[in-house]
Amino acid sequence: MKQDATILGIETSCDETAAAVVRAGETMLSNVVYSQIAAHQPYGGVVPELASREHLKAILPVVRQALADGKQTYESVDAIAVTQGPGLAGALMVGISYAKALAFALDKPLIAVNHLEGHIHAVLLEERQKGNHELLFPALALVVSGGHTHLYLAQQSGESWSYENIGRTRDDAAGEAFDKAAKLLALGYPGGPIIDRLAVHGNPKAVKFAGSQLKHRDRNEKRPVSDDRPRFDFSYSGMKTALLRHVELHKLQASIEARRKALAEIAKPKLEDYLAHCDRETLDLVASFQRSLVDDLVEKTLTAAQACEARTLLVTGGVAANQELRQRFELEGAKEGLSVLFPSRPLSTDNAAMIAAAAYPKFLLKDFAAMDFSAEAGLKLT
Ligand code: KG4
Ligand code: ZN
(Lines give C-alpha, C1' and ligand atoms only; values in the text may rest on other atoms or scores of the structure.)
(Ligands and ions follow the chains in the order given, each with its own letter.)
Protein backbone atom coordinates (compact mmCIF):
# COMPACT_ATOMS: atom_id res chain seq x y z
CA MET A 1 0.00 0.00 0.00
CA LYS A 2 1.17 3.48 -0.83
CA GLN A 3 2.66 4.80 2.45
CA ASP A 4 2.30 8.48 1.63
CA ALA A 5 -1.29 8.20 0.41
CA THR A 6 -3.12 11.47 -0.06
CA ILE A 7 -6.72 11.29 1.16
CA LEU A 8 -9.60 13.66 0.46
CA GLY A 9 -11.84 13.79 3.53
CA ILE A 10 -15.49 14.92 3.52
CA GLU A 11 -17.54 15.75 6.63
CA THR A 12 -21.24 16.70 6.66
CA SER A 13 -22.57 15.17 9.89
CA CYS A 14 -24.04 18.33 11.44
CA ASP A 15 -23.84 22.03 10.62
CA GLU A 16 -20.41 22.29 9.01
CA THR A 17 -19.72 21.37 5.39
CA ALA A 18 -16.06 20.43 5.37
CA ALA A 19 -13.44 18.97 3.04
CA ALA A 20 -9.70 18.53 3.52
CA VAL A 21 -6.68 16.85 1.98
CA VAL A 22 -4.26 15.03 4.31
CA ARG A 23 -1.12 13.15 3.30
CA ALA A 24 -0.10 10.00 5.20
CA GLY A 25 -2.37 10.86 8.13
CA GLU A 26 -0.02 13.61 9.24
CA THR A 27 0.43 16.40 6.71
CA MET A 28 -2.59 18.63 6.37
CA LEU A 29 -2.45 20.00 2.81
CA SER A 30 -5.77 21.82 3.10
CA ASN A 31 -8.69 22.17 5.48
CA VAL A 32 -11.85 23.98 4.36
CA VAL A 33 -14.82 24.43 6.70
CA TYR A 34 -18.00 26.17 5.64
CA SER A 35 -19.97 26.89 8.78
CA GLN A 36 -23.75 27.01 8.53
CA ILE A 37 -24.10 28.85 11.84
CA ALA A 38 -25.60 31.95 10.18
CA ALA A 39 -28.37 29.83 8.59
CA HIS A 40 -29.36 28.17 11.89
CA GLN A 41 -28.87 31.17 14.18
CA PRO A 42 -32.39 32.61 13.77
CA TYR A 43 -33.79 29.30 15.05
CA GLY A 44 -31.50 29.09 18.08
CA GLY A 45 -30.21 25.62 17.12
CA VAL A 46 -29.52 23.29 14.20
CA VAL A 47 -32.56 22.64 11.96
CA PRO A 48 -31.86 19.24 10.35
CA GLU A 49 -33.74 19.87 7.08
CA LEU A 50 -32.00 23.20 6.64
CA ALA A 51 -28.62 21.57 7.35
CA SER A 52 -29.13 19.05 4.50
CA ARG A 53 -30.04 21.81 2.06
CA GLU A 54 -27.07 23.92 3.10
CA HIS A 55 -24.73 20.93 2.65
CA LEU A 56 -26.14 20.38 -0.84
CA LYS A 57 -25.36 23.97 -1.76
CA ALA A 58 -21.89 23.99 -0.24
CA ILE A 59 -20.42 20.56 -0.89
CA LEU A 60 -19.15 21.13 -4.41
CA PRO A 61 -17.42 24.49 -3.84
CA VAL A 62 -16.00 23.28 -0.51
CA VAL A 63 -14.44 20.14 -2.06
CA ARG A 64 -13.09 22.13 -5.01
CA GLN A 65 -11.54 24.65 -2.62
CA ALA A 66 -9.96 21.88 -0.53
CA LEU A 67 -8.41 20.32 -3.65
CA ALA A 68 -7.18 23.69 -4.95
CA ASP A 69 -5.73 24.74 -1.55
CA GLY A 70 -3.95 21.38 -1.29
CA LYS A 71 -2.62 21.69 -4.89
CA GLN A 72 -4.44 18.49 -5.78
CA THR A 73 -6.87 17.38 -8.45
CA TYR A 74 -9.66 14.81 -8.36
CA GLU A 75 -7.24 12.44 -10.10
CA SER A 76 -4.25 13.00 -7.85
CA VAL A 77 -5.82 11.89 -4.55
CA ASP A 78 -5.50 8.22 -3.59
CA ALA A 79 -8.79 7.72 -1.75
CA ILE A 80 -12.00 9.45 -0.69
CA ALA A 81 -13.00 9.33 2.99
CA VAL A 82 -16.37 10.38 4.35
CA THR A 83 -18.19 10.50 7.69
CA GLN A 84 -20.68 7.64 8.01
CA GLY A 85 -22.10 8.70 11.39
CA PRO A 86 -23.08 9.51 14.06
CA GLY A 87 -24.93 12.65 13.02
CA LEU A 88 -28.03 13.91 11.27
CA ALA A 89 -29.15 11.27 8.76
CA GLY A 90 -30.06 13.70 5.97
CA ALA A 91 -26.88 15.72 6.45
CA LEU A 92 -24.68 12.61 6.43
CA MET A 93 -26.41 11.42 3.25
CA VAL A 94 -25.24 14.48 1.32
CA GLY A 95 -21.56 13.83 2.06
CA ILE A 96 -21.88 10.08 1.54
CA SER A 97 -23.71 10.36 -1.81
CA TYR A 98 -21.16 12.85 -3.05
CA ALA A 99 -18.20 10.76 -1.86
CA LYS A 100 -19.65 7.63 -3.47
CA ALA A 101 -20.16 9.42 -6.77
CA LEU A 102 -16.57 10.70 -6.70
CA ALA A 103 -15.11 7.30 -5.79
CA PHE A 104 -17.16 5.58 -8.47
CA ALA A 105 -16.37 8.08 -11.22
CA LEU A 106 -12.66 8.25 -10.36
CA ASP A 107 -12.32 4.55 -9.58
CA LYS A 108 -10.72 5.30 -6.19
CA PRO A 109 -11.20 3.53 -2.86
CA LEU A 110 -13.93 4.82 -0.57
CA ILE A 111 -13.41 4.85 3.21
CA ALA A 112 -16.22 5.24 5.78
CA VAL A 113 -15.17 6.99 8.99
CA ASN A 114 -16.87 7.28 12.38
CA HIS A 115 -17.15 10.97 13.29
CA LEU A 116 -16.04 10.27 16.89
CA GLU A 117 -12.95 8.42 15.69
CA GLY A 118 -12.32 11.49 13.54
CA HIS A 119 -12.28 13.75 16.63
CA ILE A 120 -9.71 11.44 18.25
CA HIS A 121 -7.53 11.46 15.12
CA ALA A 122 -7.61 15.26 15.00
CA VAL A 123 -5.28 15.10 18.01
CA LEU A 124 -3.13 12.33 16.54
CA LEU A 125 -2.80 14.18 13.21
CA GLU A 126 -1.41 17.27 14.92
CA GLU A 127 0.84 15.28 17.23
CA ARG A 128 2.38 13.52 14.21
CA GLN A 129 2.71 16.87 12.51
CA LYS A 130 4.78 18.00 15.52
CA GLY A 131 6.95 14.88 15.18
CA ASN A 132 5.37 12.97 18.07
CA HIS A 133 4.71 9.51 16.63
CA GLU A 134 4.81 7.54 19.88
CA LEU A 135 1.67 7.69 21.96
CA LEU A 136 1.97 6.30 25.48
CA PHE A 137 -0.68 3.66 26.20
CA PRO A 138 -3.13 3.14 27.85
CA ALA A 139 -4.63 6.18 26.15
CA LEU A 140 -7.94 7.60 27.28
CA ALA A 141 -9.91 9.92 24.98
CA LEU A 142 -12.62 12.34 26.08
CA VAL A 143 -14.76 13.30 23.07
CA VAL A 144 -16.77 16.28 24.21
CA SER A 145 -18.96 18.11 21.72
CA GLY A 146 -22.47 19.33 20.99
CA GLY A 147 -23.80 15.81 20.56
CA HIS A 148 -21.38 13.70 22.62
CA THR A 149 -19.61 13.35 25.92
CA HIS A 150 -17.83 10.03 25.65
CA LEU A 151 -14.82 8.40 27.25
CA TYR A 152 -12.96 5.82 25.18
CA LEU A 153 -9.96 3.67 25.93
CA ALA A 154 -8.10 3.70 22.63
CA GLN A 155 -5.90 0.81 21.58
CA GLN A 156 -3.58 0.42 18.61
CA SER A 157 -2.40 -2.88 17.23
CA GLY A 158 -0.25 -2.43 14.13
CA GLU A 159 -2.24 -0.05 11.97
CA SER A 160 -5.52 -1.13 13.50
CA TRP A 161 -7.30 1.05 16.08
CA SER A 162 -10.03 -0.09 18.45
CA TYR A 163 -11.99 1.71 21.14
CA GLU A 164 -13.80 0.73 24.30
CA ASN A 165 -16.46 3.07 25.63
CA ILE A 166 -16.08 3.37 29.42
CA GLY A 167 -18.28 6.43 29.98
CA ARG A 168 -20.83 8.67 28.35
CA THR A 169 -23.46 11.22 29.19
CA ARG A 170 -26.77 9.83 30.36
CA ASP A 171 -28.68 12.87 29.11
CA ASP A 172 -27.36 16.15 27.65
CA ALA A 173 -23.91 16.40 26.09
CA ALA A 174 -21.59 19.05 27.58
CA GLY A 175 -21.76 21.21 24.43
CA GLU A 176 -25.53 20.88 24.45
CA ALA A 177 -25.55 22.16 28.05
CA PHE A 178 -23.49 25.20 26.95
CA ASP A 179 -25.87 25.77 24.03
CA LYS A 180 -29.02 25.44 26.15
CA ALA A 181 -27.64 27.73 28.86
CA ALA A 182 -26.79 30.37 26.25
CA LYS A 183 -30.24 30.04 24.69
CA LEU A 184 -31.93 30.46 28.07
CA LEU A 185 -29.85 33.56 28.81
CA ALA A 186 -30.40 35.01 25.28
CA LEU A 187 -26.73 34.80 24.36
CA GLY A 188 -27.25 33.33 20.89
CA TYR A 189 -26.18 30.12 19.16
CA PRO A 190 -23.86 28.21 19.45
CA GLY A 191 -23.48 28.89 23.15
CA GLY A 192 -20.06 27.41 23.91
CA PRO A 193 -17.84 30.01 22.22
CA ILE A 194 -19.71 33.01 23.66
CA ILE A 195 -19.92 31.58 27.19
CA ASP A 196 -16.18 30.84 26.92
CA ARG A 197 -15.45 34.50 26.16
CA LEU A 198 -17.91 35.99 28.67
CA ALA A 199 -16.95 33.71 31.56
CA VAL A 200 -13.61 35.43 32.14
CA HIS A 201 -15.54 38.63 32.97
CA GLY A 202 -17.57 37.07 35.79
CA ASN A 203 -16.99 35.52 39.21
CA PRO A 204 -16.99 31.72 38.83
CA LYS A 205 -17.64 31.24 42.54
CA ALA A 206 -20.76 33.41 42.70
CA VAL A 207 -23.29 30.60 42.17
CA LYS A 208 -22.94 26.92 43.02
CA PHE A 209 -24.20 24.37 40.49
CA ALA A 210 -23.75 20.94 41.98
CA GLY A 211 -22.15 18.41 39.64
CA SER A 212 -24.06 15.21 39.04
CA GLN A 213 -23.65 12.35 41.49
CA LEU A 214 -24.24 9.14 39.56
CA LYS A 215 -24.31 6.44 42.16
CA HIS A 216 -26.72 4.11 40.41
CA ARG A 217 -26.36 2.07 37.30
CA ASP A 218 -27.96 3.60 34.20
CA ARG A 219 -31.38 1.99 33.88
CA ASN A 220 -31.32 2.39 30.08
CA GLU A 221 -28.04 0.56 29.79
CA LYS A 222 -28.11 -2.59 27.66
CA ARG A 223 -25.15 -4.47 29.19
CA PRO A 224 -25.96 -7.46 31.42
CA VAL A 225 -26.12 -6.92 35.19
CA SER A 226 -23.32 -9.50 35.56
CA ASP A 227 -20.97 -7.04 33.82
CA ASP A 228 -19.97 -4.86 36.76
CA ARG A 229 -16.96 -3.09 35.27
CA PRO A 230 -16.93 0.52 36.48
CA ARG A 231 -18.50 3.16 34.28
CA PHE A 232 -17.62 6.84 34.29
CA ASP A 233 -20.84 8.46 33.19
CA PHE A 234 -21.74 12.15 33.01
CA SER A 235 -25.05 14.00 33.32
CA TYR A 236 -25.74 17.64 32.50
CA SER A 237 -29.49 18.05 32.36
CA GLY A 238 -29.62 18.76 36.13
CA MET A 239 -27.28 21.72 35.71
CA LYS A 240 -29.51 23.13 33.00
CA THR A 241 -32.58 22.80 35.27
CA ALA A 242 -30.67 24.44 38.13
CA LEU A 243 -29.86 27.36 35.84
CA LEU A 244 -33.52 27.71 34.89
CA ARG A 245 -34.50 27.68 38.59
CA HIS A 246 -31.91 30.34 39.33
CA VAL A 247 -33.30 32.55 36.55
CA GLU A 248 -36.84 32.16 37.91
CA LEU A 249 -35.91 32.60 41.55
CA HIS A 250 -33.89 35.74 40.91
CA LYS A 251 -36.45 37.09 38.45
CA LEU A 252 -33.98 37.53 35.61
CA GLN A 253 -36.55 37.07 32.80
CA ALA A 254 -37.05 40.78 32.12
CA SER A 255 -33.35 41.48 31.73
CA ILE A 256 -32.99 38.38 29.51
CA GLU A 257 -35.81 39.62 27.26
CA ALA A 258 -34.23 43.07 27.07
CA ARG A 259 -30.93 41.47 25.99
CA ARG A 260 -32.67 39.28 23.43
CA LYS A 261 -34.26 42.35 21.81
CA ALA A 262 -31.10 44.45 21.93
CA LEU A 263 -28.85 41.74 20.44
CA ALA A 264 -31.42 40.89 17.74
CA GLU A 265 -30.90 44.38 16.35
CA ILE A 266 -27.16 43.91 15.91
CA ALA A 267 -26.27 41.99 12.73
CA LYS A 268 -23.12 40.29 14.07
CA PRO A 269 -22.80 41.01 17.79
CA LYS A 270 -19.22 41.25 19.03
CA LEU A 271 -17.92 40.53 22.52
CA GLU A 272 -18.30 44.22 23.46
CA ASP A 273 -21.99 44.07 22.44
CA TYR A 274 -22.61 41.04 24.64
CA LEU A 275 -20.75 42.68 27.52
CA ALA A 276 -22.75 45.88 27.09
CA HIS A 277 -25.97 43.91 27.52
CA CYS A 278 -24.90 41.61 30.37
CA ASP A 279 -25.04 42.90 33.94
CA ARG A 280 -22.71 41.64 36.68
CA GLU A 281 -25.27 39.09 37.88
CA THR A 282 -25.47 37.52 34.41
CA LEU A 283 -21.69 37.46 33.94
CA ASP A 284 -21.30 35.80 37.34
CA LEU A 285 -23.96 33.26 36.39
CA VAL A 286 -22.22 32.45 33.10
CA ALA A 287 -18.81 32.13 34.78
CA SER A 288 -20.25 29.91 37.52
CA PHE A 289 -22.08 27.68 35.06
CA GLN A 290 -18.91 27.14 33.03
CA ARG A 291 -16.83 26.55 36.18
CA SER A 292 -19.23 23.86 37.43
CA LEU A 293 -19.36 22.12 34.08
CA VAL A 294 -15.59 22.17 33.65
CA ASP A 295 -15.06 20.97 37.23
CA ASP A 296 -17.36 18.02 36.61
CA LEU A 297 -15.78 17.09 33.26
CA VAL A 298 -12.24 17.30 34.61
CA GLU A 299 -12.97 15.46 37.84
CA LYS A 300 -14.84 12.55 36.25
CA THR A 301 -12.34 12.20 33.40
CA LEU A 302 -9.34 12.18 35.72
CA THR A 303 -11.02 9.61 37.98
CA ALA A 304 -11.47 7.41 34.91
CA ALA A 305 -7.86 8.04 33.83
CA GLN A 306 -6.61 6.97 37.26
CA ALA A 307 -8.77 3.86 37.28
CA CYS A 308 -7.44 2.84 33.84
CA GLU A 309 -3.88 3.85 34.71
CA ALA A 310 -3.91 5.95 31.55
CA ARG A 311 -0.59 7.50 30.50
CA THR A 312 -2.07 9.75 27.84
CA LEU A 313 -5.30 11.72 27.86
CA LEU A 314 -6.72 13.09 24.63
CA VAL A 315 -9.37 15.80 24.99
CA THR A 316 -11.17 16.56 21.74
CA GLY A 317 -14.45 17.76 20.15
CA GLY A 318 -16.01 21.24 20.02
CA VAL A 319 -15.97 21.82 23.78
CA ALA A 320 -12.21 21.09 23.84
CA ALA A 321 -11.85 24.58 22.35
CA ASN A 322 -12.90 25.99 25.75
CA GLN A 323 -10.09 27.98 27.40
CA GLU A 324 -10.94 27.14 30.99
CA LEU A 325 -11.35 23.44 30.15
CA ARG A 326 -7.92 23.33 28.50
CA GLN A 327 -6.20 25.14 31.35
CA ARG A 328 -7.79 22.96 34.00
CA PHE A 329 -6.99 19.70 32.20
CA GLU A 330 -3.38 20.77 31.69
CA LEU A 331 -2.99 21.78 35.32
CA GLU A 332 -4.73 18.81 36.90
CA GLY A 333 -3.24 16.35 34.39
CA ALA A 334 0.29 17.57 35.15
CA LYS A 335 -0.30 16.98 38.89
CA GLU A 336 -1.01 13.34 38.07
CA GLY A 337 1.88 12.98 35.62
CA LEU A 338 -0.57 12.52 32.79
CA SER A 339 0.24 13.83 29.35
CA VAL A 340 -2.84 15.73 28.13
CA LEU A 341 -3.16 16.35 24.39
CA PHE A 342 -5.64 18.66 22.64
CA PRO A 343 -6.21 19.52 19.00
CA SER A 344 -5.58 23.14 18.01
CA ARG A 345 -8.78 25.17 18.30
CA PRO A 346 -9.66 24.96 14.56
CA LEU A 347 -9.35 21.16 14.69
CA SER A 348 -11.38 20.87 17.93
CA THR A 349 -14.68 21.64 16.23
CA ASP A 350 -15.99 19.69 13.25
CA ASN A 351 -13.66 19.52 10.26
CA ALA A 352 -12.70 17.09 7.51
CA ALA A 353 -8.95 16.89 8.16
CA MET A 354 -9.78 14.65 11.12
CA ILE A 355 -11.82 12.40 8.81
CA ALA A 356 -8.97 12.11 6.29
CA ALA A 357 -6.52 11.41 9.14
CA ALA A 358 -8.69 8.69 10.69
CA ALA A 359 -9.06 7.14 7.23
CA TYR A 360 -5.32 6.71 6.71
CA PRO A 361 -4.84 3.56 8.88
CA LYS A 362 -7.91 2.09 7.18
CA PHE A 363 -6.34 2.85 3.79
CA LEU A 364 -3.19 0.94 4.79
CA LEU A 365 -5.35 -1.97 5.96
CA LYS A 366 -7.44 -1.80 2.76
CA ASP A 367 -10.49 -1.41 4.97
CA PHE A 368 -12.63 0.04 2.19
CA ALA A 369 -16.38 0.67 2.19
CA ALA A 370 -18.74 -1.09 -0.20
CA MET A 371 -20.55 1.21 -2.60
CA ASP A 372 -23.88 0.42 -0.94
CA PHE A 373 -22.96 1.49 2.62
CA SER A 374 -25.33 4.00 4.15
CA ALA A 375 -25.47 6.73 6.77
CA GLU A 376 -25.84 5.62 10.38
CA ALA A 377 -27.21 8.39 12.55
CA GLY A 378 -26.50 6.45 15.77
CA LEU A 379 -23.22 4.80 14.74
CA LYS A 380 -21.23 3.52 17.74
CA LEU A 381 -17.46 3.64 18.02
CA THR A 382 -15.80 0.29 18.76
O1 KG4 B 1 -17.49 19.01 17.61
P2 KG4 B 1 -18.52 20.03 17.26
O3 KG4 B 1 -18.12 21.11 16.28
O4 KG4 B 1 -19.82 19.37 16.70
C5 KG4 B 1 -20.35 18.18 17.21
O6 KG4 B 1 -19.87 17.09 16.83
O7 KG4 B 1 -21.28 18.34 18.06
O8 KG4 B 1 -18.99 20.70 18.64
C9 KG4 B 1 -19.92 21.74 18.68
C10 KG4 B 1 -20.19 22.07 20.14
C11 KG4 B 1 -21.30 23.10 20.37
O12 KG4 B 1 -22.15 22.63 21.38
C13 KG4 B 1 -20.54 24.33 20.82
O14 KG4 B 1 -21.29 25.15 21.70
C15 KG4 B 1 -19.36 23.72 21.52
O16 KG4 B 1 -19.01 22.59 20.76
N17 KG4 B 1 -18.20 24.63 21.57
C18 KG4 B 1 -17.69 25.12 22.73
C19 KG4 B 1 -16.65 26.00 22.35
N20 KG4 B 1 -16.56 26.01 20.98
C21 KG4 B 1 -17.52 25.15 20.53
N22 KG4 B 1 -18.03 24.89 24.00
C23 KG4 B 1 -17.33 25.55 24.95
N24 KG4 B 1 -16.33 26.43 24.68
C25 KG4 B 1 -15.96 26.68 23.41
N26 KG4 B 1 -14.97 27.54 23.15
ZN1 ZN C 1 -18.12 16.66 16.16
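Label positions at Lys71 and Asn220, each projected 7 Å from the Cα along the C-beta direction, are separated by 5.0 nm.
For the set Lys180/Lys362; Lys100/Lys130; Lys183/Lys335; Lys183/Lys208; Lys130/Lys335, the pairs lying more than 28 angstrom apart at their alpha carbons are Lys180/Lys362; Lys100/Lys130; Lys183/Lys335.
Using a simple spin-label model with pseudo-atoms 7 Å out from Cα toward Cβ, Ala267 and Val200 lie 2.7 nm apart. The order of Asp367, Asp228, Asp172 by accessible area, most exposed first and with a 1.4 Å probe, is Asp228, Asp367, Asp172.
For Met371, the solvent-accessible surface computed with a 1.4 Å probe is close to 80 Å², ligands and nucleic acids excluded.
Evaluating kT/(6 pi eta Rh) at 20 °C and 1.002 mPa s, with the Kirkwood radius of the chain over Cα pairs in the Stokes-Einstein relation, gives 100 µm² s⁻¹. Looking at the chain alone, DSSP beta bridges between its own residues are antiparallel in about 60 percent of cases. Look at where the Cα atoms of segment 172-187 and of segment 283-323 average out, and the two centres are 16 Å apart.
As a fraction of the 1.4 Å probe accessible area of segment 1-99, surface on carbon and sulfur atoms comes out at 58 percent. Name all residues of segment 340-373 having a backbone nitrogen under 16 Å from the label point set 7 Å from the Cα of Asp4 along its Cα→Cβ direction, giving them as ranges. No residues fall inside that zone. Given R₀ = 22 Å, what would the calculated FRET efficiency be for Ile256 paired with Ile37, taking r from the Cβ atoms and rounding to 0.05? Working from the Cβ atoms, E equals 0.55.
Taking a ≥ b ≥ c as the square roots of the eigenvalues of the Cα gyration tensor, segment 280-372 is classed as oblate, since a/c reaches at least 1.5 and a/b does not exceed b/c.
Using the Cβ-Cβ distance between Glu336 and Leu365 with R0 = 35 Å, the FRET efficiency computed as 1/(1 + (r/R0)^6) comes to roughly 0.55. Take the chain with all the other protein chains still there, run a 1.4 Å probe, and you get 45 Å² of accessible area per residue.
The values are calculated or read from the model by the stated rules, or taken from the named source; none is laboratory data. Quantities reported herein were computed from a predicted structural model and do not represent experimental measurements. No Cβ is skipped: glycine too gets one built from the backbone with ideal geometry, and neighbour counts run over all protein chains shown. To get the accessible areas, we keep the full protein, side chains included, count just its heavy atoms, and leave off ligands, DNA and RNA. Shrake-Rupley method; radii C 1.70, N 1.55, O 1.52, S 1.80 Å.
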